[in-house]
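The values are calculated or read from the model by the stated rules, or taken from the named source; none is laboratory data. Note that the coordinates shown come from a computational prediction; the quantities given were computed from them, not determined experimentally. Neighbour counts are summed over all protein chains in view; Cβ atoms, including those assigned to glycine, are modelled from backbone coordinates with ideal geometry. These area figures cover heavy atoms from the full protein model, side chains too; ligands, DNA and RNA do not enter into them. Shrake-Rupley method; radii C 1.70, N 1.55, O 1.52, S 1.80 Å.
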Amino acid sequence: MRTEPIAGPSGPPVPVARTLHWGRWASAAVALAVAGWLVYLVVVNPHLDWGKVAEYLFNDRILAGVWVTIEISVLATALGLVLGVLVAVMRLAHNPVLSSLASGYIWFFRGTPVLVQLIFWYNLAFLFPELVLKIPFTMIGLKWDTNQVMTGFTSAMLGLGLNLAAYFAETVRAGIQAVDRGQTEAAYALGMTPAKRMRVIVLPQALRIIIPPTGNEFISMLKTTSLVYVVAGHDLMTNASQIYKANNRIMELLIVASVWYMLMTAVATFLQGRLERRFGSDAVRLVRGGGAAARVLPKVAA
């Protein structure tokens, strides 16, 4: 135990005793020793060729896979967000049919594994050899070969996006229900229809609450795309697996893939932090303080 003088608000410094927490130092030393030992075992492992890791880190196929991973993640997240908003609004609707359909969608896609959904969409041609879009009771329309439409990339984007929409729907629903009920009643008092109330008053405020958590979903999506290798979607994991199947450098290529996943996650985490600083505290102030309604409702009334 040691003492340090701390100046008070007025008067001479007051000695304050500070306790040394030996248990914390001991547990930290043990944890660092174990972590260092594990890292050492991997780094000096004679069966691991770090030269190959450096060689393939910027390989053209690996870089192409990184780009495809980012594309799939962005498109699937965008699809999931748009569809999630629609499903959330349907679930909160007073129409029991729409509400039941939305609940069934959420139950189905949250209840089945993502891997199963990816394989299903990739093999959709077994059920529908051709995709037909035409005017009912006429021969006017378009027709596509399902195998040409449902490529690995399309199947991955569709499967991941539809699955993510079920989770986004619950996030959006929570954001909508977090908006102060008094603003909804004020919108009704102005004669707004339910659709206009949702579009003008509720959703703009709910989105401020919904946007920051989308960073978590996007980060999760970056890693979930590793499942796309089962449908040969040419993403990072797919290309890495094709390389190590040819040269048998399994661990080296897995390390390469892990480095790129961690790098993409770090960038996404940084952007998520910026989103949270931009929208997080402002969202709480808007919902609790009624700031948005105070700005929007007078304009609507005018």
query: Highest GNM mean-square fluctuation, the chain, Cα pairs closer than 10 Å: which of GLY175, GLY141, GLY51?
result: GLY141
- request: Just the number, please: carbon plus sulfur as a percent of the accessible area of the chain, 1.4 Å probe, no ligands or DNA/RNA counted.
  value: 68 percent
statement: Hydrophobic long helices for the chain, i.e. whole DSSP H runs reaching 15 angstrom or more by Cα along the axis with Kyte-Doolittle mean at least 0.0, come out as 22-43, 60-91, 96-111, 152-178, 203-224, 250-275, 291-301
- line: By the C-alpha gyration tensor axes a ≥ b ≥ c (rounded if a/c is under 1.5, else prolate when a/b exceeds b/c, else oblate), the shape of the chain is oblate
message: Which three numbers, in whole Å and largest first, are the semi-axes of the equivalent ellipsoid of segment 67-193 derived from its Cα gyration tensor as √(5λ)?
response: 33, 20, 14
- prompt: Here are some pairs, LYS52/LYS245; LYS52/LYS223; LYS223/LYS245; which of them have Cα atoms lying more than 26 Å apart in this structure?
  reply: none
- request: Exposed loop chymotrypsin sites (Phe, Trp or Tyr not before Pro) only (DSSP loop, at most 12 other Cβ atoms within 10 Å): please give the longest stretch of the chain free of them, not including the sites.
  value: 138-302
query: Given a cut-off of 22 Å, what percent of all Cα-Cα pairs of segment 19-102 lie beyond it?
result: 67 percent
- request: Using the heavy atoms of the protein chains and a 1.4 angstrom probe, tell me the accessible area per residue for the chain in square angstrom.
  value: 60 Å²
- prompt: Which of the aspartates and glutamates could a cross-linker bridge to LYS143, judged by Cα under 12 Å and excluding same-chain residues fewer than eight apart?
  reply: GLU130
query: Suppose every K and R has +1 on its Cβ and every D and E has -1 on its Cβ; what is the size of the dipole of the chain about the Cα centre, in Debye to the nearest 20?
result: 1020 debye
